[in-house]
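What follows is a set of notes on a single structure, which appears directly below.
Values quoted throughout were computed directly from the atomic coordinates according to the rules given, and no laboratory measurement underlies them. Predicted model only: the values in this text are computed from it and were never measured. We place every Cβ from the backbone using ideal geometry, glycine too, and count neighbours over all the protein chains shown.
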Protein chains: 2
Amino acid sequence: MAILVVGSVAFDSLETPSGKRERVLGGAATHFALAASFFTKVRVVGVVGEDFLPEHEAVLTSKGVDTIGIERAPGLSFHWTGSYVKDLNAADTLATDLNVFAAFEPKIPKSYLDSEYLFLANIDPVLQLRVRRQMPNVKMVAGDTMNYWIAAHRENLLKVLKELDVLLINDGEARMLSGESNGLLAAHEVMHMGPKALVVKHGEYGSTGYFTERIFPGPGLSRPFRAPTLPLAEVVDPTGAGDSFAGGFYGYIASQPALTPEVFRTAMFYGSVMGSFAVEQFGTERLQRTTRAEIDERFQHLREISHL
Amino acid sequence: MAILVVGSVAFDSLETPSGKRERVLGGAATHFALAASFFTKVRVVGVVGEDFLPEHEAVLTSKGVDTIGIERAPGLSFHWTGSYVKDLNAADTLATDLNVFAAFEPKIPKSYLDSEYLFLANIDPVLQLRVRRQMPNVKMVAGDTMNYWIAAHRENLLKVLKELDVLLINDGEARMLSGESNGLLAAHEVMHMGPKALVVKHGEYGSTGYFTERIFPGPGLSRPFRAPTLPLAEVVDPTGAGDSFAGGFYGYIASQPALTPEVFRTAMFYGSVMGSFAVEQFGTERLQRTTRAEIDERFQHLREISHL
């Protein structure tokens with residue numbers, strides 16, 4: 001079933017220990033859509049500028065991603081400049097040129113209104129909420145956020161959290177949002193803010209899923225779940241790893257008839273798999289040439305290296 | 001089958017966010033022996049001072065640990081003072097009083113000579129090697145080390161590494177030893193130094209086992225293995241977590257007829273389980289009152305939260 005994702009479609013200029021790239025296609029919605037496209041139909045709502053060329057759009061459309069919700073605006077696309085030279089685990093933002101993204105007002109095409117899954121990628125919570133309101137009948141809502149919104153737009157973010165079935169954030173964001181340094185207590189605190197389930201990503205160390213009884217009604221289903229990552233010999237560019245994780249995770253869920261604990265756990269493994277591809281080359285290069293056979297192979301690999 | 005462990009038997013004065021304790025029983029060999037005692041016979045070689053009283057010895061002997069190899073010397077026992085108030089993941093050493101440990105010369109009682117498993121806990125690599133030489137016929141040798149020996153006693157440490165079947169270290173130590181920041185490459189580099197297998201501990205995020213073909217002869221067995229940890233609502237005192245992991249890991253291996261990939265993987269899970277108990281109270285308090293039933297229950301719990 002179709003996922004509607006709202007988020008950034010952008011260009012990234014990147015420096016990592018593996019090299020430099022100028023203005024490669026990026027953005028949370030792009031990485032998410034590419035990763036999810038292997039599992040289900042994906043529709044994107046975003047905004048780009050005049051520098052977004054047919055070749056960029058083709059990266060998405062060649063995977064069957066619906067791009068009619070990507071609005072064209074006069075000017076340049078969102079452009080992020082970052083470096084991972086000091087630390088592959090922490091991006092050093094050198095410049096954030098919002099450009100056309102500064103006045104982004106998500107507009108949902110009519111043909112998207114029957115989407116059953118909604119993903120609110122990391123954008124202003126006011127916009128996340130506005131999109132949520134326009135899609136009242138979706139079957140499931142998942143979302144992401146970041147330290148900037150947690151620190152400076154908390155009130156608005158708290159409204160979004162009440163609307164979420166699943167929130168996907170990283171360790172630092174969970175700590176910041178909850179004010180708790182212990183991972184388990186932080187997760188419980190965050191779930192009290194609204195989301196029925198929470199996936200906390202630990203970077204190279206995997207992820208943990210936390211559940212309230214509201215997501216899988218019934219007793220005994222509230223234990224966390226740990227998903228591992230694949231050990232990789234080279235991380236070329238971590239940009240988009242979290243969005244690719246979310247795309248694999250949510251894409252798998254949307255491809256299944258119902259959300260069960262088993263589907264959720266399997267989805268976390270697919271999230272790890274898609275994240276592992278994303279970081280192997282710059283930008284979307286690796287996701288573009290990933291095949292379903294490779295995904296299945298890595299899924300089995302991940303299972304093998306974590307199951308007794 | 002019996003494990004001989006050589007290492008520190010000490011007193012720790014600790015401060016953590018949960019409180020303070022003065023001079024509680026600690027030391028790598030103590031934590032290791034207690035954790036391993038649930039699985040197999042354990043014999044300790046170490047040295048203590050006049051402050052090591054019958055009540056301290058009883059902590060070990062009540063679990064069936066053989067303490068006749070713990071030498072009594074005039075003076076005080078090794079005393080470590082540390083704080084985790086700033087960061088539960090990184091001990092801040094306030095004082096290291098080696099006392100009788102400064103002149104430690106391991107002496108192996110005759111009754112220990114038939115031990116089939118040897119564990120070289122974190123002590124001077126010169127002493128580790130000397131003990132290894134006195135136990136030429138053991139079936140398996142595992143060991144630990146720390147940043148101090150890696151930095152300042154590298155030559156000696158490299159000699160020890162050539163003798164090891166399994167080295168257990170943490171992420172920081174693997175990076176320091178190898179000069180590699182990537183986890184997988186660091187592991188390969190460390191295994192080139194000698195150990196047939198390597199377990200790298202990631203603190204609250206679990207551990208990864210790496211194997212050369214020398215530990216499980218045969219093709220296709222060289223993929224890493226990821227073991228998770230239990231999410232814990234409170235970490236009272238992380239001291240001894242790594243030694244308790246090693247004790248559970250090696251104790252389980254020593255209890256099995258042969259080292260197979262399945263035994264190694266299961267041992268990593270038991271390592272996690274014993275580490276999870278160790279941190280729940282100060283010093284050895286929690287390990288002392290752990291039961292085999294609790295261990296089995298946590299093992300199942302760990303399996304459940306990590307298997308699809």
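Just check segment A:112-248 against the gyration tensor rule for me: Cα atoms, a ≥ b ≥ c as the square roots of the eigenvalues, rounded for a/c under 1.5, and otherwise prolate or oblate depending on whether a/b exceeds b/c. Judged from the Cα gyration tensor, segment A:112-248 comes out rounded (a/c under 1.5). When every Cα-Cα distance of segment A:188-270 is counted in 5 angstrom steps from zero, the calculated P(r) takes the values 3, 14, 23, 24, 19, 9, 5, 2, 0 percent. Is the shape of segment B:174-220 best called rounded, prolate or oblate, per the rule: a/c under 1.5 gives rounded, else a/b larger than b/c gives prolate, else oblate, with a ≥ b ≥ c the square roots of the Cα gyration tensor eigenvalues? In terms of gyration-tensor shape, oblate. A helix-only calculation puts chain A at -10000 deg cm²/dmol for mean residue ellipticity at 222 nm, using -39500 (n - 2.57) for each DSSP H run of at least four residues, averaged over all residues.
Between the alpha-carbon centres of segment A:87-130 and segment A:1-30 there is a gap of 12 Å.
Compute the convex hull volume of the Cα atoms of chain A, divide it by the residue count, and report the result per residue in Å³ as a whole number. Could you put the intermediate results ahead of the total?
Details: hull volume 38.8 nm³, N = 308.
Output value, Cα hull per residue: 126 Å³.
Suppose R0 equals 41 Å; then what is the FRET efficiency for residue A:189 and residue B:116 from their Cβ-Cβ distance, rounded to the nearest 0.05? Could the numbers behind the result be given before it?
Values: r = 48 Å, r/R0 = 1.18.
Calculated transfer efficiency: 0.25.
Between B:18, B:244, B:276, which gets the highest mean-square fluctuation from a Gaussian network model of chain B, Cα cutoff 10 Å? Answer for the Gaussian network model of chain B: B:18.
Which whole-number percent is the relative contact order of chain A (Cα, under 8 Å, 6+ apart)?
Averaging sequence separation for qualifying contacts and normalising by length gives 18 percent for chain A.
Between this copy and the others, label points of residue B:72 are 9.0 nm apart in ascending order, each placed 7 angstrom from Cα in the Cβ direction. Residue and distance for the chain B Cβ closest to the axis that moves B onto A, in whole Å, come to B:205, 2. Spin-label model, residue B:107 to residue B:153: label points 7 Å out along the Cα-to-beta-carbon direction sit 2.1 nm apart.
Residues B:77, B:83 in ascending order of nearby Cβ atoms (within 10 Å, fewest first): B:83, B:77. Counting 0.36 nm for each residue step from residue B:97 to residue B:301 and taking away their Cα separation leaves a gain of 69.5 nm.
Distances, shortest first, from the label point of residue A:110 to those at the same position in the other copies read 9.8 nm; the point lies 7 Å along Cα to C-beta.
Ranked by how many other Cβ atoms sit within 10 Å of their own Cβ, fewest first, the residues B:48, B:263 fall in the order B:263, B:48. Per the Debye formula on identical point scatterers at the alpha carbon atoms of the protein assembly as shown, with no solvent, log10 I(q)/I(0) at q = 0.08, 0.09 Å⁻¹ is -0.60, -0.74. Inter-copy label distances for residue A:307: 0.9 nm (label point placed 7 Å from Cα along Cα→Cβ; shortest first). Fewest neighbouring Cβ atoms within 10 Å first, the residues A:140, B:1 line up as B:1, A:140. Remark: the Cα gyration tensor places segment B:1-82 in the oblate category, a/c being 1.5 or greater and a/b not exceeding b/c.
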